Amino acid sequence: MENWKIAEYTRYYNSEEFQQSYLYSGDDLGALWSEDKTYFRLWAPTAERVQLNLFHTGDKPDLYVSHEMVKEEFGTWIMTVDGNLHGVYYTYSVTIEGQTREAVDPYAKAVGVNGDRGMVVDLSSTDPEGFSYDIRPPFNETNDAIIYELHVRDFSIDCSAGINAKGKYLAFTEIGTVNSYKDMTGIDYLTELGVTHVHLLPIFDYATVDETKLHENQFNWGYDPKNYNTPEGSYATDPYHGEVRIKEMKQMIQALHKSGIRVIMDVVYNHTMASFDSNLNKIVPGYYYRTTGEGDFSNASGCGNETASERFMVRKFMLDSILYWAEEYHIDGFRFDLMGIHDITTMNSIRDALDEIDPTILMYGEGWTGGGSVLPDWERSMKFNMKKLSTRIAAFSDDIRDGIKGSVFLAHEKGYVSGKEGMEETIKFGVTAAIWHDQVDYWKVNYSGGPWAAQPSQTINYVSSHDNLTLWDKLTLSTPWESKGNRLRMNLLSAAIVLTSQGIPFFQAGEEFLRSKPINEEGTEFEDNSYRSSDRVNSLKWDLRTIHSEVFHYYRGLIELRKAHPLFRMRTAETMSKNLRFLSGMEPNVIAFSLSQVVFLQEESAEEILVIYNANRDAKTIYLPEGEWKVYVKGTRAGMKLLSIITDQVISVDPISAVVMMK
């Protein structure tokens, strides 16, 4: 369809006539199965004809019947087909201005191989044994979360994982797996580490892995959506039968829940893999996307298009989809890719709807876009608009990320831990979760000229994620003259900052054992965008958890400490600003702050906690407030085990390290 025609349709979609006549609010879109019949409803207000096509399989030329659908209210088309259609595949042929195009139902809950046909499914048949009794692990407040970002294939594909179901959902169901050194891997390792949530990179059906050629070991992160309401088939043992991927994904979630770990789903509603040829655009041309006045696709995603979340039926689609995943699959949280593309009203509506299911379900995302958008700045869910969003929608803090290690876009730039001068205020900004604090000089913060979060629950603190270089590779490139021992200490100090700051801590899988993504055998070049790199680059090398056990135990100890002391996760801005106080008179590159006693329901805290960061290459002597101080983090050791007791009001803080003590 020509651009001028898209522009014409866009004007029509914005008209009062369209708004009053064609917006459908019912809850019956898609294929609703019952044992004796299946009811189909599709929203296609501009279509002049719609046919329902039924197939025996998801990929063969075996069409056995087509039905003319009946135009119904508010631009929808309906058809009821008698009989038990479980396992039958279907598509829609949509005719608009004489041109007929075949599309997959956007509301399809199951699909065939490569997602080219929807499948009618009896969802109850996909439940693993006991799934109806599956419950979310106990969890109270948003900033009690400790989030571990993970890719399904990376988790188990390497031989060192000792896992049979390599690269599959079912890898998460295997217990007792060990690496070459007989140390725990897989789901047992996640429990041992102590994280509360696993954030899984996209597990909806995405486009770029050919599910008919899985023997070729293809790889993609999955930020290329094809079918939003069904799992990705390459992670299933059988991608040809739509019910298999559903059951196996549920088994994964059930296993994680049994291990006490909640599951966060990475969602990518901001764009689709295809633009003109996407299923959404074939059914209602131009409606689901923002376009310019000339009919070109707006491209804030940097992927060729951006969805128009502010439109009623797009907002409805996002809401319906999120609630479906939360209810049918028991998903415990959602991370929104390029959240800044979505409008504020839609994000708050999703938060409100999730609250009706379970207010402990997490919501967070990237508070930025990948390019310019036609949506006005004040309507976007950007970092600078966070105070317009629910206080239980969080955004990633690129301030603390780049403050700690240097810009992700400049491989050789240093940050606080690697020796860059003048980063103290940026680190303090991160420690206070991007909330106003009277002891932070906002003129000296790297990116933000002022606080952007209203409450600690709105800030995700992190130093690495799937994007860009791993933390270890960034440190290697930015400090080539440093010893490996110094870089190891930089890694530990990075973790200490993230896990002792207010807000929500987040880290990339493998950061805790110096994960690296080398391109060459010499290990001098590293992949900074491994979205389609090989398993050799992307997979978790589980032997590293033993080789770098000192790092693993440090992270584990920090997690244990954070969980034990609610002072590290204060609930409100008022409490934080009053009870977190920075010590004055510190030398350059030294930051010290105290956390004082706060009353939490049914929780006990130390009377006072003192945290010190020293990014210098030499030890620093720090004079302490009066009292007997018990040290729990020092040098390369961290946890709940008492390391020493200080009574003389002075401590020597090791080079490039953190100290945590209590009294």
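All but one of (1) among the aromatic types (F, W, Y); (2) in contact with a strand residue (DSSP E or B) (Cβ under 8 Å, 6 or more places away or on another chain); (3) without any contact (Cβ under 8 Å) to a residue 60 or more places away in the chain hold for F18; state the number of the condition that does not hold.
Evaluating F18 over (1) among the aromatic types (F, W, Y); (2) in contact with a strand residue (DSSP E or B) (Cβ under 8 Å, 6 or more places away or on another chain); (3) without any contact (Cβ under 8 Å) to a residue 60 or more places away in the chain leaves (2) as the failure.
In this structure, is S516 within 27 Å of S501 (Cα to Cα), part of a strand (DSSP E or B) and without any contact (Cβ under 8 Å) to a residue 60 or more places away in the chain?
In short, no.
When you check S594 against the structure, is it surrounded by 15 or more Cβ atoms within 10 Å (Cβ to Cβ), touching a Phe, Trp or Tyr at 6+ places or on another chain (Cβ under 9 Å) and either free of Cβ contacts under 8 Å to residues at least 12 places away in the same chain or farther than 25 Å from L492 by Cα (or both), yes or no?
no
Hey, does segment 157-165 have a residue that's outside any loop (DSSP other than H, G, I, E, B), modelled with pLDDT of 95 or more, over 26 Å from M363 (Cα atoms) and among the small types (G, A, S)?
yes
Taking segment 371-417, which residues are assigned to a helix (DSSP H, G or I) and of a type in the set (K, R)?
Correct list: K383, K387, K388, R401, K405.
Within segment 623-645, track down each residue that is loosely packed, with under 13 Cβ neighbours inside 10 Å, of a type in the set (D, E, K, R) and within 40 Å of the chain's Cα centre (by Cα).
K641
Among the residues of segment 399-422, count how many are touching a residue at least 60 places away in the same chain (Cβ under 8 Å) and among the aromatic types (F, W, Y).
Matching residues across segment 399-422 total 1.
Please determine, by comparing only the residues of segment 48-63 that are part of a loop (DSSP other than H, G, I, E, B) and touching a residue at least 60 places away in the same chain (Cβ under 8 Å), which one is surrounded by the most Cβ atoms within 10 Å (Cβ to Cβ).
The selected residue is G58.
Mind telling me which of the residues M347, M339, M382 ends up being in contact with an Asp or Glu (Cβ under 8 Å, 6 or more places away or on another chain), within 29 Å of G295 (Cα to Cα) and not β-branched (V, I, T)?
Unique residue meeting the criteria: M339.
I'd like the full set of residues that are in a helix (DSSP H, G or I), among the aromatic types (F, W, Y) and within 20 Å of T177 (Cα to Cα), limited to segment 526-565.
Of everything in segment 526-565, just one residue is in a helix (DSSP H, G or I), among the aromatic types (F, W, Y) and within 20 Å of T177 (Cα to Cα), namely F552.
Does segment 456-469 hold any residues that are surrounded by fewer than 24 Cβ atoms within 10 Å (Cβ to Cβ), on the phi < 0 side of the Ramachandran plot and not acidic (D, E), and which are they?
Of everything in segment 456-469, those that are surrounded by fewer than 24 Cβ atoms within 10 Å (Cβ to Cβ), on the phi < 0 side of the Ramachandran plot and not acidic (D, E) turn out to be S465, H466, L469.
Could you pull out the residue among R245, R290 that is within 18 Å of F336 (Cβ to Cβ) and of a type in the set (K, R)?
R290
Would you confirm, using the coordinates I've provided, whether K405 is surrounded by fewer than 23 Cβ atoms within 10 Å (Cβ to Cβ) and touching a Lys or Arg at 6+ places or on another chain (Cβ under 9 Å)?
Criteria not met by K405.
Can you name the residue in segment 564-574 that is surrounded by 17 or more Cβ atoms within 10 Å (Cβ to Cβ) and of a type outside the set (A, V, I, L, M, F, W, C) and is also nearest to V659 (Cα to Cα) among such residues?
Among those that are surrounded by 17 or more Cβ atoms within 10 Å (Cβ to Cβ) and of a type outside the set (A, V, I, L, M, F, W, C), it is H565.
I'm checking my understanding of the structure. Among residues of segment 137-156 that are touching a Gly at 6+ places or on another chain (Cβ under 9 Å) and in a loop (DSSP other than H, G, I, E, B), which one is surrounded by the fewest Cβ atoms within 10 Å (Cβ to Cβ)?
P138
With the checklist (1) surrounded by fewer than 24 Cβ atoms within 10 Å (Cβ to Cβ); (2) within 24 Å of L567 (Cβ to Cβ); (3) of a type in the set (A, V, I, L, M, F, W, C) in hand, flag the one item A453 doesn't pass.
Of the numbered conditions (1) surrounded by fewer than 24 Cβ atoms within 10 Å (Cβ to Cβ); (2) within 24 Å of L567 (Cβ to Cβ); (3) of a type in the set (A, V, I, L, M, F, W, C), the odd one out for A453 is (1).
Working only within segment 1-47, note down all residues that are part of a loop (DSSP other than H, G, I, E, B), aliphatic (A, V, I, L, M) and closer than 16 Å to Y92 by Cβ.
Within segment 1-47, L29, A44, A47 meet the criteria.
Of the conditions (1) within 23 Å of M576 (Cα to Cα); (2) surrounded by fewer than 16 Cβ atoms within 10 Å (Cβ to Cβ); (3) not basic (K, R), I612 satisfies every one except a single condition; which number is it?
Only one criterion in (1) within 23 Å of M576 (Cα to Cα); (2) surrounded by fewer than 16 Cβ atoms within 10 Å (Cβ to Cβ); (3) not basic (K, R) is unmet by I612, namely (2).
Looking at R245 and the list (1) within 18 Å of the chain's Cα centre (by Cα); (2) surrounded by 22 or more Cβ atoms within 10 Å (Cβ to Cβ), which single condition is not satisfied?
(1)
Which one of the conditions (1) in contact with a strand residue (DSSP E or B) (Cβ under 9 Å, 6 or more places away or on another chain); (2) more than 22 Å from G557 (Cβ to Cβ); (3) part of a helix (DSSP H, G or I) does D205 fail to meet, given that it meets all the rest?
Only one criterion is unmet by D205, namely (3).
Would you check if there is a residue in segment 599-608 being part of a loop (DSSP other than H, G, I, E, B) and either under 22 Å from T185 (Cα atoms) or under 27 Å from the mean Cα position of the chain (by Cα) (or both)?
no
In segment 470-491, which residue that is among the hydrophobic types (A, V, I, L, M, F, W, C), surrounded by fewer than 23 Cβ atoms within 10 Å (Cβ to Cβ) and in contact with a Leu (Cβ under 9 Å, 6 or more places away or on another chain) is farthest from D654 (Cα to Cα)?
Checked segment 470-491; the qualifying residue farthest from D654 (Cα to Cα) is L477.
Can you tell which of K387, K444, K405, K420 is closer than 18 Å to G340 by Cα and not hydrophobic (A, V, I, L, M, F, W, C)?
K387
Condition first: touching a residue at least 24 places away in the same chain (Cβ under 8 Å), surrounded by fewer than 19 Cβ atoms within 10 Å (Cβ to Cβ) and not polar (S, T, N, Q). Now tell me which residues in segment 423-449 satisfy that.
W436, D438, Y447
Answer with yes or no whether D224 is surrounded by fewer than 24 Cβ atoms within 10 Å (Cβ to Cβ) and over 18 Å from the mean Cα position of the chain (by Cα).
Here the answer is no, as D224 does not meet what is asked.
The values are calculated or read from the model by the stated rules, or taken from the named source; none is laboratory data. Computed from a predicted model, the values in this text were never measured in an experiment. Note: ideal-geometry Cβ built from the backbone for every residue, glycine included; neighbour counts use all protein chains shown.
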